[in-house]
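The values are calculated or read from the model by the stated rules, or taken from the named source; none is laboratory data. The model shown is predicted, which means the values in this text are computed figures rather than measured ones. For neighbour counting, all protein chains shown are included, and Cβ atoms are generated from backbone atoms with ideal geometry for every residue, glycine included. Quick note on the areas: whole protein, heavy atoms, side chains included, nothing else; ligands and nucleic acids left out. Shrake-Rupley method; radii C 1.70, N 1.55, O 1.52, S 1.80 Å.
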Amino acid sequence: MNGPRPSLDQARADMIEYQLRLRGIADPRVLQAMAEVPREEFVPDWARRYAYADEALPIAHGQTISQPYIVARMTELLAVRPGDRVLEIGTGSGYQAAILAHLGCSVVSYERQAELAAEARERLERLGYGRFVEIRVGDGSLGDPEGAPWPRIIVTAAAPRIPEALREQLDPDGGRLVIPVGPRTHQELMLVVRRGDEWQETSDGPCVFVPLIGEGGFPG
Ligand code: SAM
């Protein structure tokens, strides 16, 4: 297409309107966080101009930063409150963690690839989110028993089934877990809400994620 390329500010405003609001993202705090966290800082340099495109983008080490709609939808389903402690599995670029930090959460995020973790840590520090996000290197598929019970858990990689450890570490008092579940090629986005010893599972529809690799996920 010829003609001037829209500015990143315009692309971000269009993303909010056409990719999120018109597709049903309604939580004003989520929309505000998506409008204020600079996604272009979380993608490789060559991809800055595509930062607000309606798709996942490659980051380093064969991984991806999820499509803006999926980040917003997972955040909305997680229904965080300021001050919530959130366990994230799959730091990747750190973008999802930054959105949660922007919403006032304190995040512990696990990443199995040390280089990605280091890059995300440096990025979040530079953008002012470092105090609110602790990044740990390791297999997060078994959760973080020391921090349990977790009021909120978000898994940003696809699991073959809901890992038992994450179910158990969820706060019995209304804890929420958002996780893509299914085979490697396609999954369903699942919301699990725990009340006492009952776990209510709801599907939010189809999605596609890179695999969760580890004891509670797929073999490497
Ligand atoms: N939340 C990320 C973001 O905002 O950029 C996107 C995450 S990317 C789709 C999935 C990430 O999960 C990859 O970086 C991958 O290395 C990581 N991962 C996969 N299995 C994991 C595991 N068992 N523990 C921790 N991280 C894992």
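A few comments on the model shown:
- Members of the range 126-147 that are open to solvent by 20 Å² or more (accessible area, probe 1.4 Å), assigned to a helix (DSSP H, G or I) and within 10 Å of the ligand (Cβ to nearest atom): Leu142
- Checklist (1) within 9 Å of the ligand (Cβ to nearest atom); (2) assigned to a helix (DSSP H, G or I); (3) free of Cβ contacts under 8 Å to residues at least 40 places away in the same chain; (4) buried (at least 24 other Cβ atoms within 10 Å of the Cβ) applied to Ser109, failing item: (2)
- Considering the range 211-220, the residues that are closer than 14 Å to Arg161 by Cβ and part of a strand (DSSP E or B) include one that is most open to solvent (accessible area, probe 1.4 Å), namely Pro211.
- Residues satisfying the stated conditions in the range 52-80, i.e. part of a loop (DSSP other than H, G, I, E, B), surrounded by 15 or more Cβ atoms within 10 Å (Cβ to Cβ) and within 12 Å of the ligand (Cβ to nearest atom): Ala56, Ile59, Gln63, Ser66, Gln67
- Test result for Val43, among the β-branched types (Val, Ile, Thr) and under 30 Å from Pro145 (Cβ atoms): no
- Listed by first and then second residue, the pairs linking a residue in the range 187-210 that is at positive phi and assigned to a strand (DSSP E or B) to a residue that is at pLDDT 95 or above and not aromatic (Phe, Trp, Tyr), with Cβ atoms under 9 Å apart and 6 or more places separating them unless they lie on different chains, are Gly205/Arg73; Gly205/Glu188; Gly205/Leu189.
- The single condition among (1) under 19 Å from Gln113 (Cα atoms); (2) within 17 Å of the chain's Cα centre (by Cα) that Trp150 does not meet is (1).
- Qualifying residue in the range 191-208 (condition: open to solvent by 30 Å² or more (accessible area, probe 1.4 Å) and within 23 Å of Ala101 (Cα to Cα)): no
- Val71 vs. criteria hydrophobic (A, V, I, L, M, F, W, C) and touching a Leu at 6+ places or on another chain (Cβ under 8 Å): no
- Residue match in the range 148-163 (condition: at pLDDT 95 or above and assigned to a helix (DSSP H, G or I)): no
- The sole residue among Gly94, Gly90, Gly83 that is more than 12 Å from the ligand (Cβ to nearest atom), small (Gly, Ala, Ser) and either at pLDDT 95 or above or farther than 15 Å from Arg29 by Cα (or both) is Gly83.
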